[in-house]
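Everything below concerns the one structure shown next.
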Amino acid sequence: MRRSMLLSAVLALRAFPLAAQAVPPPPPAPRPQPILIKAGRLIDGRADQAQANVGILIDGDRIRAVGPLAQVQAQAQNAKVIDLSQMTVLPGFIDTHTHLLLQGDPTSESYDAQLLYQSIPYRAILAARNARLSLEHGFTALRDVETEGAMYADVDVKRAINRGEVPGPRLFVSTRAMAPTGMYPIVSSNWEIEMPHGVQPVDGVDGARLAVRQQVANGADWIKYYSDRRYYFSPDSGLHSWVNFTDDEARAIVDETHRLGRRVAAHAIGSDGIAAALRAGVNTIEHGDGMTDSLLDVIKAKGAYWVPTVTVAWYVAGPRGGVWGPMTQHQKRAFQRGVQKGVKIALGTDVGGFPWTEINQAKEFEYYVQYGMTPMQAIKSGTTVAAELLGEQDELGAVAVGFYADLVAVAGDPLRDITELQRVRFVMKGGTVYLSP
């Protein structure tokens, strides 16, 4: 009896794979319906002029055709039509300096409160909200340049967006950022208490290389470090700073990052910090208020990018007082000279330094026009130039065949009134509509 039962079990086990093979595979997912967008005006991110009556054919998450409406319409059989014929269509905006895990830090008290009294999970929930707000404002890609004490939570938010769990822009994340011991602390007079760190403390050449490896291993697309602190004006009105890392340490950060196939952003406000970062070979200078003519020549010669973050400069100037007010004027003059010299200026707002819920990031475009850019130059700073900074110039930043279908539309003409970009009416990311008129 026992032998008979064993034989039956063996036969059943042998039969099971055959039965499993007999189950037909699931049918392939249906191909999404093509989409034809009728654009009244198109600013494609490349040309210096807008085009009228353009058709954009979208297949899945990519652009299949762009051109005169009648020509593209002939290719758009069975396509769903989105009529934006009364609007201006542009590439999705790109903000290259954000902090999703921060909700405004005009004062040290407001910064400390977030790190001391908000858990990382709670801050990540707010970050997901911020990502949705940014997408609805037309920003389809963000470079997030550190979590300010929230460890690697930006990687988690990116993963949730990529998996479709929450709506948000494409994220390029920097995780923890770096500064030497004692040079980016929450300040307390009680030395017995270990306070939270807004960055990863890094010391020495070996420590610098280790920190880069740790951050890349945990998902960093970029590495960000703080080149300077303590800003002051000299008698000749130059904006100076104290440099954080030794040249050897900074070069180790940059070298190891580049060796691992990533790029480096440096917070550098004073001329001393900017010069040190450029000596180290960074890819981008963040803020750069203390730029001088000679430093502008260096950044241009090296092919690095300047991300000015003008919106946050004005937001924090009042509450912080001291040098922060005059810094805005210094930056404005430097920005004007940078435009004249042809420096690569990419749009970055430092949102998170100001609350995501209070100011539309697209305000940065308006500042750039006030500071000397043409409206088209300002638009390109937040589309094609920003995409180049990210190394995504073949995927993002333009309305072109083969690119991601990341599009926005506004009712008016931003070449006449740049503030139109603060009133986005339509947002598409990867062929999916997130905001419609």
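Once you've got the GNM for the chain with C-alpha springs shorter than 10 Å, pick whichever of Asp272, Asp293, Asp154 has the biggest mean-square fluctuation.
Asp293
Which far-off residues, 5 or more places away or on another chain, put their amide H under 5 Å from the one on Thr140, with H placed in the peptide plane?
Answer set, sorted by chain and number: Phe93.
If you line up the Cα atoms of segment 64-215 on their principal axes, what length do they span on each, largest first, in Å?
Its Cα atoms span 73, 33, 25 Å along the three principal axes.
Among the lysines in the chain, how many pairs, 8 or more places apart or on different chains, have alpha carbons under 12 Å apart?
For the chain, qualifying lysine pairs total 5.
Per-residue HN-Hα couplings for segment 57-65, Karplus 6.51 cos²θ - 1.76 cosθ + 1.60 at θ = phi - 60°, whole Hz, x for Gly and Pro?
With the stated coefficients, segment 57-65 comes to 9, 10, 10, x, 9, 10, 8, 9, 7 Hz.
Helix-derived [θ] at 222 nm for the chain: sum -39500 (n - 2.57) over DSSP H runs of at least 4, divide by residue count, nearest 500?
-11500 deg cm²/dmol
Counting Lys +1, Arg +1, Asp -1, Glu -1, what net charge surrounds Ile418 among other residues with beta carbon under 15 Å of its beta carbon?
Spelling it out: positives minus negatives among the neighbours equals 0.
Would you mind getting the Kirkwood hydrodynamic radius of segment 256-297 from its Cα pairs, rounded to one decimal in Å?
10.5
Run through the DSSP bridge list for the chain and note the antiparallel percent, rounded to the nearest 5.
Counting only bridges with both partners in the chain, antiparallel ones make up about 45 percent.
At 7 Å along Cα-to-Cβ for each site, give me the label-to-label distance between Gln329 and Gln33 in nm.
The two pseudo-label positions are separated by 5.9 nm.
Run through segment 184-264 and list the GluC sites (Glu not before Pro) located in a DSSP loop whose Cβ has at most 14 other Cβ atoms within 10 Å.
Glu192, Glu194
So how far apart, in nm, are the two label points at Ser436 and Asp206 if each is 7 Å from Cα heading toward Cβ?
According to this spin-label approximation, the distance is 6.1 nm.
Cα extents of the chain along the three principal axes, largest first, in whole Å?
Principal axes ranked by extent give 96, 69, 38 Å for the Cα atoms.
Along each of the three principal axes of the Cα atoms of segment 284-437, give the extent in whole Å, ordering the values from largest to smallest.
Principal-axis extents of the Cα atoms in segment 284-437, largest first: 45, 36, 27 Å.
Pairwise over distinct Cα atoms, reciprocal of the mean inverse distance: report the Kirkwood radius of segment 230-320 in Å, one decimal place.
13.7
Going by Cα centres, segment 349-404 and segment 252-331 are how many Å apart?
Here the answer is 17 Å between Cα centres.
The numbers here are math on the coordinates, done by the rules we state, and not lab data. Note that the coordinates shown come from a computational prediction; the quantities given were computed from them, not determined experimentally. Glycine gets a Cβ as well: all are built from the backbone with ideal geometry, and neighbour counts include every protein chain shown.
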